[in-house]
Amino acid sequence: MEQKRNQKKQAAAPSRTSGKRIVKNPKRLLEHQLNSLNVIALIVCLTAGTVFMLFGKRPTKSEEENRDLTACPQFSISSYLNGTFTSQFSQFFNDTVPMRSTFKGMISDFRGSLGVPYDEGVIIIGNVPDIDNNVNDQTEPSETEPIETTQPATQNATEETNPTETTEVPETTEATTEPEEEEDYDGEIANNILIIKDRGIMLYGGGFSNGQKYAETLNKYKAELGTGVNVYSLVAPTAVSYYLPKKYESYTASEIENINHINSFFDGVTPVDAYSILGEHKKEAIYSRTDHHWQPLGAYYAAQAFAETAGVPFAPLSDYETVTKEGYVGTLYGYTNQKVFKDNPEPFVYYKPKNQYTTTYYNTDMTNERQGNLLINLDNVANSSWYLVFMGGDERITRVQTDCTNGRKLMIIKDSYGNALVPCLTQSFSEIWVADMRYFEPGVIDFVRQHGITDVLFAMNTYSATGGNSKKLQKIMY
Amino acid sequence: MIFSSLIFVYLFLPLCLISYAAVKNLRYRNLVLVIFSLIFYAWGEPTRIIYLLLSAVLNYLFGIGVVKYKGKASKAILGVSLAYNIGMIGVFKYSGFLMENINAIFGAHFPVPEIAQLVGISFYTFQVMSYVIDCYWEKVEPQKDPMKFLLYVSLFPQLIAGPIVRYSTIAAEIDNRRTTLADLSGGLSRFVLGLAKKVILADHLFRIVDNFLGGSMENLTIVGTWYGVIMYSLYIYFDFSGYSDMAIGLGRIFGFHFNENFNHPFLCKDITEFWQRWHISLGSFFRDYLLPLSFFGVRNKYLSLFMVWFCTGIWHGASWNYIIWGLYYGMFIMLEAKLGKKKMRKIPLPIRHIYNKLVIIIGFGIFYFEDLDKLLLFLKNLTFFNSNGFVGIAEQASFCNNIFLIIAAVICTFPLLDYAKKLSERSLKTQAALSVSGTVISVILLLLSSVLLVDATTKAFLYYRF
């Protein structure tokens, strides 16, 4: 207000000095009034905005984006001098705007009104995908190599030298990208998303040479673990394999070609064919429309394929209690900020096994043992994060001891796609250990030996298997 | 700190305005502006202020020196000042580039220095250089008051991304100025207009650009490539002219009247005219200070032109594509000069427009790609030298999804305000109606831009890095 008064005073100053002349000249009088009106209107807006920014209640968490917002930094001379204070303060000021999610909604509405829908409501988020199914590796050419636009398929992907890592870290045009968000998605969301009607589909870049490395790493695991331990690979396809209309096919690499390519390198590792069974059920809600994960039902079918491969019993869905939560708006909304997701929530359906089992959690370094629920209570979980129902997330080690008496002990090494498999296998294995490849700290080989594990399942989606995440498997081996 | 951020609009600016209005004495007002300017510049990286202060102190002394001493001594001081200023830009902006090229050409392995670029160094160094040269040429009186000189160097509206304000433009206003009601009103509206250009138009156009040109472009069709680069041309105009609008608006709020930096460049009829309308303060800097120079005792029109366009190019960044970009323009300007104005005028206007738009748009493509391999791929993709097809779904979808944005952007390249001004001269009633509409539009633009700022990254203006 003080600002406003001051500005008014300032604005009034020239009129005092030239007041008489103004009265005589109607044009100048009018201009004076119009300028005053303009100044008052804009100063009022600026003042109101400032008061709102300074005294409005600042949120600390964003439910849509499933992250803590930037905290106000502590001032210190050193943090000021090295610039961290000021840059963090700017980030805090911007990140925690009062009524943030309302404004975000308004922004998404505004962006939705910048044009008209194309075709069946197709929106492409991110770069125009640089996919060519004929190219054996979708990695970016290294700087020293000339860029070839469309090379016909080379017969052997292994000929690729020095491939650059394909990275699935969302390197986005979205104005909201901040490091925290990238970490939250942890390399699982693709750069390119195609929205068709109300479904978001991540476009798959592929990565044959990464896939080969992935297969070779698993071979190494198998060689280390020996014949006494079964090693399986379940590379889960994503929605792009089933829901991308044919005419957009050129915008994605083929997941099944990449999966087959991986499988072709296995030596002693047993591949699990989840692709076919999911295809048989694609008319059911096996993938979320608004989230980058599958729905628990998709995981159930994939688990069935695994159980058949591993020769263990598998419970029908009737042996589960079905829980339906309405109003799921998954990660793709936070990532793309597209109104269509917010306006079209979907149900999130998961299945509680009815058999007896106990769940024990550990920190990622195997400390802090505690009992818990395999499926967490979602009552206080934001509707964007219901996929957390499985063990509450990734950053932990989980042990499930079941009433299954076959004596088979399974270890699942996985990305978040693997989480949804766990409840489907409580009736198939006597014990299940779950470790996330991004966070697991003990060496896997020793861990398997120590705990008498009989079966190791590597379960992750195609993005992880052929992307940057796969190299983490080498890190956690010993 | 950048103008298009909530912290600037709703914290820094109000505090600055209150403090400025709270003191009446011009000396204190200047002090307020200096303090806020230094806070503004130090935001994010306080140590860089040392270089700004050093530049201010030395050039203050150089300015006095070139006038106080005559003859050779004066020339020597001018030489030292130029060496220092160009040296500073050289070290902070070009040393890495230079070393890389020396290593590449001679196969040497000198360590490539990794010096973080000083924000705004190209702008404020050019300002102080123009000041010292003007003092030497006795076009301006040197500023004796160090505080006033520091104000000229550090004045935050134009500090980090221009326009390059000549000392002569604001010398009188540093000593004596007043914000009239018209200044305050016009300045606020201009600031809001610039903010809206940046946040509503430029930022959304850039999302399209990044989708099409930001990836590997391996599969981009011909239409997709043209679409991407046309959007980029629009983006860069709104981004940079938006910044200049904000700078000029803020200047006016504090009683300074900077020269215009853009004059609807896309309306130009030829490339020569484009540069009279685009980044005017840079073009006029080179015209006034570089063009008249003789090189190695020789004054040659073509050599001078080459130097001007080489410098214009490299001023934008330490990368070959900028040099190519500068020389590319130089080439067309030379061709137009060769052809002569009369012959140029004889060419039908539509053809001239097609010619200059093509040159400008392809030019911005050259400007965009620092990676020369990608630039080559881009040029291939523009033509039929690729096999990605003519048009794809991606650009059709993007065009539909952004059709209103694109129409608005194209309309806004026309001098709408000039049309309104002309219209308002018809009668007082029209003037009142237009002015009130202007106020309503300004308020809407401010509110909309503010909401959009919630989603803004720290992504700065493109010209921030030059």
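The values are calculated or read from the model by the stated rules, or taken from the named source; none is laboratory data. Computed from a predicted structure; not experimentally measured. Neighbour counts are summed over all protein chains in view; Cβ atoms, including those assigned to glycine, are modelled from backbone coordinates with ideal geometry.
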(message) For a quick check of your reading of the model, give me the residue pairs whose first member lies in segment A:90-103 and is not assigned by TED's automatic domain parsing to the domain that holds A:ASN337, whose second is assigned to a helix (DSSP H, G or I) and β-branched (Val, Ile, Thr), with beta-carbon atoms closer than 6 Å and at least 6 apart or on different chains.
(response) A:SER90/B:ILE7; A:PHE93/B:ILE7; A:PHE103/B:VAL451
(message) Scan segment A:455-477 and tell me whether some residue there is over 20 Å from the mean Cα position of the chain (by Cα) and within 30 Å of A:PHE341 (Cβ to Cβ).
(response) no
(message) Within segment B:13-34, does at least one residue satisfy the condition of being surrounded by 20 or more Cβ atoms within 10 Å (Cβ to Cβ), within 22 Å of A:SER90 (Cα to Cα) and at the interface with chain A (Cβ under 7 Å from one of its Cβ atoms)?
(response) yes
(request) Specify which of the listed residues (B:TYR136, B:TYR131, B:TYR124, B:TYR84) is more than 21 Å from B:SER281 (Cα to Cα) and either touching a residue at least 12 places away in the same chain (Cβ under 8 Å) or more than 14 Å from chain A (Cβ to nearest Cβ) (or both). (result) B:TYR84
(request) Those residues that are within 22 Å of the chain's Cα centre (by Cα) and either of a type in the set (Gly, Ala, Ser) or part of a helix (DSSP H, G or I) (or both), I need them from segment B:40-81; list them, please. (result) B:PHE40, B:TYR41, B:ALA42, B:GLY44, B:ARG48, B:ILE49, B:TYR51, B:LEU52, B:SER55, B:ALA56
(message) Of the residues B:ALA337, B:ALA394, B:ALA432, B:ALA420, only one is within 23 Å of B:LEU267 (Cβ to Cβ), within 14 Å of another protein chain (Cβ to nearest Cβ) and either of a type outside the set (Ser, Thr, Tyr) or not in a helix (DSSP H, G or I) (or both); which?
(response) B:ALA420
(request) Select from segment B:37-62 the residues that are in contact (Cβ under 8 Å) with a residue 24 or more places away in the chain and under 21 Å from B:TYR20 (Cβ atoms) and write down the one among them that is farthest from the other protein chains (Cβ to nearest Cβ). (result) B:ALA56
(request) Could you tell me which residue of segment A:83-108 is surrounded by the fewest Cβ atoms within 10 Å (Cβ to Cβ), considering only residues that are facing chain B (nearest Cβ under 8 Å) and assigned to a loop (DSSP other than H, G, I, E, B)? (result) A:GLY83
(message) For segment A:233-289, give me each residue that is within 14 Å of another protein chain (Cβ to nearest Cβ) and among the hydroxyl-bearing types (Ser, Thr, Tyr).
(response) A:TYR248, A:SER250, A:TYR251, A:THR252
(request) Kindly indicate which of B:GLY120, B:GLY96 is outside the structural domain of B:GLY283 (by TED's automatic domain parsing) and on the phi > 0 side of the Ramachandran plot. (result) B:GLY120
(message) Of all residues being at the interface with another protein chain (Cβ under 9 Å from one of its Cβ atoms) and assigned to a helix (DSSP H, G or I) in segment B:378-391, which is surrounded by the fewest Cβ atoms within 10 Å (Cβ to Cβ)? Just the residue, please.
(response) B:LYS380
(request) Using the structure shown, decide if B:GLY65 is in contact with a Ser or Thr (Cβ under 8 Å, 6 or more places away or on another chain), of a type in the set (Gly, Ala, Ser) and within 17 Å of A:PHE85 (Cα to Cα). (result) no
(request) Look through segment A:17-39, keep the residues that are within 16 Å of B:ASP183 (Cβ to Cβ) and either exposed (fewer than 13 other Cβ atoms within 10 Å of the Cβ) or hydroxyl-bearing (Ser, Thr, Tyr) (or both), and return whichever of them is modelled with the highest pLDDT. (result) A:SER36
(request) Please go through segment B:272-324 and pick out each residue that is within 23 Å of B:GLU260 (Cβ to Cβ) and of a type in the set (Phe, Trp, Tyr). (result) B:PHE274, B:TRP275, B:TRP278, B:PHE285, B:PHE286, B:TYR289, B:TRP309, B:TRP315
(request) Of the conditions (1) under 30 Å from A:LYS27 (Cα atoms); (2) under 24 Å from the mean Cα position of the chain (by Cα), B:ALA182 clears all except one; give me its number. (result) (2)
(message) Can you confirm whether B:ILE248 is in the same structural domain as B:ALA21 (by TED's automatic domain parsing), part of a helix (DSSP H, G or I) and either modelled with pLDDT of 90 or more or touching a helix residue (DSSP H, G or I) at 6+ places or on another chain (Cβ under 9 Å) (or both)?
(response) no
(request) Report the residue count in segment B:210-264 for those that are of a type outside the set (A, V, I, L, M) and over 16 Å from the mean Cα position of the chain (by Cα). (result) 19
(request) Of all residues in segment A:255-287, count the ones that are out of contact with any helix residue (DSSP H, G or I) (no Cβ under 8 Å at 6 or more places or on another chain) and either under 27 Å from A:TYR335 (Cα atoms) or crowded, with 19+ Cβ neighbours inside 10 Å (or both). (result) 1
(message) Can you pull out every residue in segment B:435-462 that is surrounded by 19 or more Cβ atoms within 10 Å (Cβ to Cβ), more than 7 Å from every other protein chain (Cβ to nearest Cβ) and among the hydroxyl-bearing types (Ser, Thr, Tyr)?
(response) B:SER449
(request) Might you check whether a residue that is modelled with pLDDT under 95 and of a type in the set (S, T, N, Q) occurs anywhere in segment A:309-320? (result) yes
